[in-house]
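Report on the following structure.
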Amino acid sequence: MSTLTTTTIPRISRAALRPQPFHHVRRSIAASTAAREVTIEESNEPNWTTFETRSISRQNFQDLLQNRIPDVRVRRFLSADECQSLVKIIKTHEIVSFPSAHRNNKLIRQQDKFTSYQGSYNEDVYPPIGSVGITQFDHANDKEGYFSKVKEARLLQERFRKEANIDVLSRVKDVLQRATGLPVRIAREDDREYFAGLIRLINKSALLHADYGPYDGPQWEIGRIAAQVTWNILLKQVDGGESVVYDRPWEGPSDNAQFKDPPPGYGYSHSAVEGRASKTMKYDEGDLHFFNSRNFHEVKALPSTAAESRYTMSSFVGLLPNFWPSQPGLILWS
């Protein structure tokens, strides 16, 4: 049996926050005169101690990083008018065409209501997922290619600032800094910043998958994080399209070998989450929602009669133990 001890944000031991396999854990909480400590022991019991959605605070964000709670939400992070303004800009922004594997598929062209596409994964994926921006996952083996596209990927956010006076990413960083007391910045390699703030357009579903920097980019800065969450903002209310997160952390290569769909798929078999607790999250327009992205998660299908795609903006947030020599911090990327 192994144990892992961490302390409350922002006094987090760097040694205690090296990437660890979650397995299935049991937690006992012990009082300490210096700080509250959490001892994690391997067990078959669930990780989550509640199914309630929590408001953002230092303790709740730490609990989310340590997978003790399913999600955290900031109500009305963007107003209805702000969401409407952003969607209007997105609809006038260029999104590149379908991947070649689907471009000539008449049935797909008829079924999918958005007419342009940029893949969010290395494989040509179906159901199609439209996007504006770039992902590290898409360039896991091409670091130079990723950074060569960052400037162009930021053009839509520049339009948000100039045309609507809305800087979503700065607002998210400010919320995180105030809630946790930790420094927050965009992830970087040397002096080159990552892109953060991907726009996605989904009008079908997103398959079961998980995201975690040490597995997705072990040779990148994100490979040195100790925990990871994702934030999402629904920019236009839709029927369906709920997010489902499972109390089942991804274990990287071992799960890939056993459960990952063969190429060109990107999803995982639902046998990976069989018998595991889950939470279905129906987002409200404008809310800022966080969950632990190392847990397997998926997006349910929108009804076939849906008149609009599911517009979201998102990025990952990683806890970097050596943000500064003596202090951890948070980094953002897509």
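No lab work stands behind these numbers, since they all come straight from the coordinates. Keep in mind the model is a prediction, meaning the values are calculated, not measured. Here the Cβ positions follow ideal geometry from the backbone for every residue, glycine too, while neighbour counts run over all protein chains shown.
Backbone amide hydrogens, once placed in the peptide plane, bring Gln136 within less than 5 Å of Ser334, excluding anything fewer than 5 places away on its chain. For the stretch 48-333, evaluate the Debye formula with one uniform point scatterer on each Cα (no solvent term) and list log10 I(q)/I(0) at q = 0.10, 0.15 Å⁻¹, rounded to two decimals. The calculated log intensity ratios at q = 0.10, 0.15 Å⁻¹ are -0.50, -1.27. Treating only the Cα positions of the stretch 178-334 as identical point scatterers, give the base-10 log of I(q)/I(0) from the Debye formula at each q in 0.10, 0.18, 0.20 Å⁻¹. For the stretch 178-334 at q = 0.10, 0.18, 0.20 Å⁻¹, log10 I(q)/I(0) is -0.39, -1.19, -1.35.
Packing around the peptides 172-181, 68-77, taken as the average count of other Cβ atoms within 10 Å per residue, puts them in this order, highest first: 68-77, 172-181.
Any chance you could check the Cα centroid distance between the stretch 136-196 and the stretch 308-334 for me, in angstrom? Distance between centres, Cα-based: 9 Å. Take the Cα of Glu193, step 7 Å toward its Cβ, do the same at Asp167, and the gap between the two points is 0.9 nm. Would you work out if the stretch 159-223 is rounded, prolate or oblate? Take a ≥ b ≥ c from the square roots of the eigenvalues of the alpha-carbon gyration tensor; rounded if a/c is under 1.5, else prolate when a/b is larger than b/c, oblate otherwise. Judged from the Cα gyration tensor, the stretch 159-223 comes out oblate (a/c at least 1.5, b/c at or above a/b).
Bridgeable lysines around Lys282 (alpha carbons under 30 Å apart, same-chain partners fewer than 8 residues away excluded): Lys88, Lys91, Lys113, Lys173, Lys204, Lys236, Lys260, Lys300.
Just order 60-66, 82-88 by mean Cβ neighbour count inside 10 Å, highest at the front, would you?
60-66, 82-88
Applying 1/(1 + (r/R0)^6) with R0 = 45 Å to the Cβ-Cβ distance of Glu274 and Lys143 gives a FRET efficiency near 0.80. Packing, as the average of other Cβ atoms within 10 Å across residues, places the peptides 206-216, 287-297 in the order 287-297, 206-216, highest first.
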